[in-house]
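Trainee: Below you will find the structure I want to go over with you.
The values are calculated or read from the model by the stated rules, or taken from the named source; none is laboratory data. Just so you know, these numbers come straight off a predicted model, no measurement behind them. A quick note on method: Cβ atoms are made from the backbone with ideal geometry, for glycine too, and the neighbour counts reach across all protein chains shown.
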């Protein structure tokens with residue numbers, strides 16, 4: 001019971017975090033929309049006067065955020081001691097939820113969209129002249145931020161509902177998870193010395209889940225960043 005209470009709390013925490021991200025993107029969109037009505041091009045000697053298409057600093061941050069879910073996945077099964085501690089505490093299901101939620105929340109380009117939104121809001125407040133490319137980017141940012149806000153709101157609702165439904169499906173989930181863990185141990189025993197192979201099998205499962213979630217998530221990215 002304590003294990004699934006902690007799972008519910010984990011799901012509720014992820015739901016709150018998703019809701020926070022949804023509100024942040026919605027707030028930034030409202031600020032950008034306030035200044036971006038009836039934009040006109042005033043700079044004709046260059047395409048961009050506000051937007052920097054090759055920002056090295058933001059590109060490095062974006063790269064780190066893209067790799068962050070993979071780093072989390074690798075670190076979760078990197079040490080036998082950590083695995084055994086998690087196993088003893090009954091937090092393996094929490095671990096899967098954390099890995100999945102990190103891969104769903106940290107999506108490529110979201111941080112850059114938010115940062116560019118802040119840059120354009122400041123430019124509008126200073127009444128900076130816009131180039132043709134700036135107008136196009138501003139329109140794209142408006143659409144992307146709305147879609148990102150809706151995406152995170154959807155995640156918040158899904159994780160919130162899972163946290164509520166969990167208490168009504170506790171026995172079924174408990175039975176399924178126990179059999180799943182028994183399968184993991186059986187595979188570990190079949191592969192060799194259990195104390196080392198069981199964490200390896202579990203890590204392979206988590207990595208497989210990660211790549212599956214990332215692949216599904218990439219389909220959403222095509223919709224979010226499409227004009």
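Trainee: Evaluate the following for residue 187: is it more than 16 Å from residue 96 (Cβ to Cβ), over 26 Å from the mean Cα position of the chain (by Cα), modelled with pLDDT under 75 and surrounded by 15 or more Cβ atoms within 10 Å (Cβ to Cβ)?
Mentor: Yes: the conditions hold for residue 187.
Trainee: Return the total of residues in region 114-147 being free of Cβ contacts under 8 Å to residues at least 40 places away in the same chain and within 23 Å of residue 217 (Cα to Cα).
Mentor: Of the residues in region 114-147, 0 are free of Cβ contacts under 8 Å to residues at least 40 places away in the same chain and within 23 Å of residue 217 (Cα to Cα).
Trainee: Further question on the same structure: Restricting attention to region 159-184, which residues are within 19 Å of the chain's Cα centre (by Cα) and without any contact (Cβ under 8 Å) to a residue 12 or more places away in the chain?
Mentor: Scanning region 159-184 gives a single hit, 161.
Trainee: Return a yes/no flag: does region 138-152 have any residue that is buried (at least 20 other Cβ atoms within 10 Å of the Cβ), in contact with a helix residue (DSSP H, G or I) (Cβ under 6 Å, 6 or more places away or on another chain) and more than 30 Å from residue 13 (Cβ to Cβ).
Mentor: Taking every residue of region 138-152 in turn, at least one turns out to be buried (at least 20 other Cβ atoms within 10 Å of the Cβ), in contact with a helix residue (DSSP H, G or I) (Cβ under 6 Å, 6 or more places away or on another chain) and more than 30 Å from residue 13 (Cβ to Cβ).
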